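Have a look at the structure below before the remarks.
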Amino acid sequence: MIPRHLKIAVAVMFVFVLCMSFYLRRMRRSAAELQAAAADARPVAPPASGPTETVTLYVADDGEGILRLRPAQIPLPGGRQQRGEELLRALLSIYQQPDSPHPIAAAADIRGFYLVDPGVAVIDLNAPFADQHRSGILDEQLTVNSMVATLAVNVPGINRVRILVEGRTRDTLAGHADLTDFFDVSGVTHAQ
Amino acid sequence: MSLPPTKTFAVLLTALLLLTAAPSADEKHLSVYSSVATYTLPVVDRTGKEYVGLLELLEPFGRVNSRMEGQHWKFRFNEIETDFVAGRSRARMRGKEFELPAPFLIENSRGLVPVSSLSALLPRFLGTPVNFHESARRLFIGDVATHVTAQIENTNPARLALNFSSPVNPTISTEPGKLRMVFSRDPVVAPGNQTLIFDNKTITQANYSEANGAADLTISAAAPLMASFTNNGRTITIAALAQSTPAATETAPAPGATPPVLTQTPSVTAPQFPAMTSPPLLAANGHRFIVIVDPAHGGDERGAALTDRLAEKDVTLGLGRLLRHELDVRGISVLLLRDGDATLTLDQRAGTANAAHGAVYVTLHAASSGNGARIYTALLPIEGPISGVFHPWNSAQAPSLAVSQSIASEIIGEMQKQQMPARAAVASLRPLNNLLMPAVAVELAPGPNGTADLSSANYQQKAAAAIADAIAAKRSSLAVQP
C-alpha cells in the first residue's frame with residue numbers, strides 16, 4: 001500500500017513537469033521568432049541621403065526574358081561608390097516587391113559595392129541572395145546583366161564587374177551563371 | 001623513348017577523364033538493324049526483366065506520338081493507336097487486346113516494354129516480320145542480315161579471306177595468337193557453324209559469338225595476324241605476320257562508326273570505304289566527326305528544382321539520351337558525357353570534350369520559367385592576347401564563337417519549324433568558355449502544357465529532333481573530307 005502523501009507528491013511533481021515542458025516550448029518558439037526577425041533586419045528603404053536624381057535602371061523581365069529600361073527617381077549621394085551601392089539597392093527593392101517581374105528573395109541584400117582598380121567594380125552579395133535565387137541560366141543571367149548594365153549606364157568609367165557572395169568567390173550564382181571571372185561591361189551591354 | 005613526367009601526367013589525366021565519362025561496359029544495349037537505320041538503344045533492368053523505350057525504338061520508322069492519361073500511356077505509330085497501362089501486361093491495339101510477357105512500365109513519361117515482347121510486338125506495328133536474337137539483344141527488321149563465308153589460302157604466309165554479303169566496319173583488336181573483330185553496327189549473322197576449323201597450321205579456327213547488341217568474330221592463329229580491307233569493305237583478309245611484328249595493338253573503327261569512348265591510335269590497316277550510314281567526314285579539327293552531348297548537372301548536383309519532384313538533372317539526362325538516339329539515326333557519332341546519375345565537375349566535362357576533339361558540343365539544361373527553348377553561346381570574359389599555342393582557359397571558346405552562333409541560329413530555325421518557340425542569348429555559363437570546339441547550351445523551358453512538358457517524352461523528342469536536324473544540316477559545313 002502506497003502512502004497517501006507519496007501519491008500526492010508524485011501527482012504534484014507530474015503536473016509541475018507538464019507545466020515546465022509547456023513553458024519551455026513557448027520560450028523556444030519566441031526565441032526562434034526573435035532570431036528570424038534579426039536575420040531579416042535589412043533596411044527596408046535605401047538609407048541614402050542627397051538630392052533625388054532620375055536614373056535609368058535595367059530591370060529584368062522573366063516573362064519576356066529581357067531587360068527593360070525603367071526610369072526611377074532615387075536619392076543619390078555624391079561619391080561614385082555610394083552611388084553604385086544605392087543603384088543596386090534600388091534595383092533590388094524592385095525585385096523584392098510582390099508584383100516583381102523578376103522575384104528575388106526578401107532576405108537578399110547587397111553587402112557592399114566597391115570601386116577598386118580603375119574601371120573595376122566589385123559587388124558583394126549576401127548569402128540569401130545567392131542561396132535563395134531561382135536556379136536557371138536565364139534567371140541567373142538576367143540578374144547579373146541587370147546589375148552590370150545598370151551600373152554601366154549610371155556610374156561612368158566601370159569596365160569590369162566582379163560579383164562576390166559574402167566577400168568570397170563563388171562558382172555560380174545558383175548553379176548556372178559563372179561568378180569565377182570578371183564580367184566585361186561592354187560584352188554584357190552589347191548582349192542586350 | 002620516354003615521355004617527360006609532365007606529359008606522362010597529362011596523358012594519365014586525360015585517360016582518367018575519359019574513363020570517368022565512359023559508359024559502363026556492363027551497360028546493356030539493344031542493336032536494331034534495318035534498311036531505314038541502324039542504331040542502338042539502352043536497355044534497363046526492372047524487376048528482373050529487361051525493358052526498352054517503345055517510342056525511341058519505333059521513331060525511325062514513322063510518325064510517333066505518346067500521351068499520358070492517368071495510368072494509361074496512349075501511343076500512336078503512324079495510324080496505329082495503342083493503349084498501354086502502367087503495371088499491366090494487357091494492352092489494346094485497334095480495339096483488340098494482346099498480352100505482353102511482363103507488365104508495361106512508365107518512367108518519366110517514357111513507355112517501357114519488355115525486351116522479350118519485341119518479336120511479337122513489332123510486327124503488329126511495322127507489318128513486317130522481325131528476327132530477334134533475344135539473348136544477344138540484336139534485332140533484325142526485314143531482310144538485312146549480312147552473311148559471311150570464310151576461305152583459307154594455304155600460302156606462305158597463310159591467309160584467310162572473309163567475304164561478307166555487304167560492306168562491314170568492325171572494330172579490330174589483336175593480341176598474340178588472336179585477332180578479334182567486333183561488329184557493333186553491322187547486321188552480321190553467324191556463318192554455318194559457330195566455330196570454323198581450318199586445315200592450316202598457322203590460322204587454325206574462327207569463332208563466332210554475339211552478346212549485348214554486337215557480333216564478335218575471333219580468329220585464332222599460331223602467329224600474329226593483320227587485317228586488311230578490300231572489295232569496298234566486303235572482304236577482310238587476315239594474314240599471318242612474321243614473329244617480329246609488334247604484338248598487342250588495337251585499331252579505332254573507321255570514320256563514321258559508332259564511337260568507342262576510349263579510342264586508341266590506329267595501327268592496323270583501317271577500312272578504306274564509306275561507312276554504311278554516314279559519309280566519311282572529319283571535323284574541321286582533323287579528327288573524326290563526333291558530337292559531344294553533355295546533360296548538365298548530375299549526382300549530388302541536382303540543378304534547378306523544376307517541380308517538387310522533378311530535378312533538372314533528370315530532365316537533362318533523358319533529353320541527352322534522346323539526342324544521342326536522334327543523332328545516331330542520322331549517322332552522326334555521339335559521345336554522351338553522362339549516361340547515368342554521375343557527378344562530373346565542369347573542368348572534367350571541358351577536359352573530356354576537348355580531349356575527344358569533338359566537332360560540336362551541346363550542353364543540355366532545363367528551366368521552369370519562360371517557354372520553348374533558349375539557345376546560348378558563351379559570354380566571354382576579357383582575356384589577354386593569345387601567346388603561342390596556348391589558349392587562355394576561360395576564353396578558349398573565342399576562336400569558335402562565330403561558328404557556335406551559327407549553330408545556335410540553325411537550332412532555333414529547326415525548333416521554330418517544329419512550332420517550338422526558341423531564341424538566342426549569351427550566358428556566362430561554364431564550361432562553354434573552356435571549349436575549343438563550337439559549343440552551345442540548350443535550355444529547355446516549359447511548353448504549352450507548362451512544366452509537365454519538361455518530363456514529357458514527346459516534348460523532349462521534339463527538341464532533340466530539332467537539335468539533331470540542325471547539327472545534321474550544319475555537318476557538311478563543319479566537316480572536311482579526309
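Miscellaneous remarks
- Peptide B:294-307 is shielded by partner chain Cβ atoms: per residue, an average of 2 of them sit within 10 Å of its Cβ.
- Column: log10 I(q)/I(0), Debye, Cα scatterers of the range B:148-250, q = 0.23 Å⁻¹: -1.34
- Zero-based 5 Å bins, Cα pair distances in the range A:52-191, whole percents: 2, 11, 22, 26, 24, 12, 3, 0
- Between the amide H of residue B:100 and those of B:90, B:91, distances stay under 5 Å, these residues lying 5 or more places away or on another chain, with hydrogens modeled in the peptide plane.
- Ranked by how many other Cβ atoms sit within 10 Å of their own Cβ, fewest first, the residues B:393, B:73 fall in the order B:393, B:73.
- Summarised in one figure, the compactness ratio Rg/Rh of the range B:400-469, Cα atoms and Kirkwood Rh, is 0.99.
- Projection of the Cα convex hull of the range B:282-477, averaged over all directions and equal to a quarter of that hull's surface, yields 10.4 nm².
- Note: the range B:28-141, Cα convex hull, 96 Å³ per residue.
- Annotation: aspartates and glutamates with alpha-carbon distance below 12 angstrom to residue B:474 (same-chain offsets under eight excluded): B:410, B:414.
- For the range A:146-192, the relative contact order comes to 40 percent (Cα pairs under 8 Å, sequence separation of at least 6).
- Rounded, prolate or oblate (a/c below 1.5 giving rounded, otherwise prolate when a/b exceeds b/c) for the range B:304-361 by Cα gyration tensor: oblate
- Cut-off under 5 Å, modelled amide H: who pairs with residue B:222 long-range: B:203, B:204
- Largest first, the extents of the alpha carbon coordinates of the range A:1-41 on the three principal axes equal 61, 9, 6 Å.
- The Cβ shell under 13 Å around residue B:219 holds other residues with a net charge of +1, Lys and Arg each +1, Asp and Glu each -1.
- Greater than 30 Å apart at Cα, pairs in B:28/B:313; B:28/B:201; B:28/B:74; B:313/B:417; B:49/B:96: B:28/B:201
- For the range B:133-231, trypsin sites (Lys or Arg not before Pro) are listed when DSSP marks them as loop and at most 12 other Cβ atoms sit within 10 Å of their Cβ; the list is B:201.
- Separation of the range B:211-238 and the range A:151-192, taken as the distance between their Cα centroids, equals 58 angstrom.
Read-outs: derived from the displayed coordinates by stated rules, not from any lab. Predicted model only: the values in this text are computed from it and were never measured. FYI the Cβ positions are ideal-geometry reconstructions off the backbone, even for glycines, and counts take in every protein chain you see.
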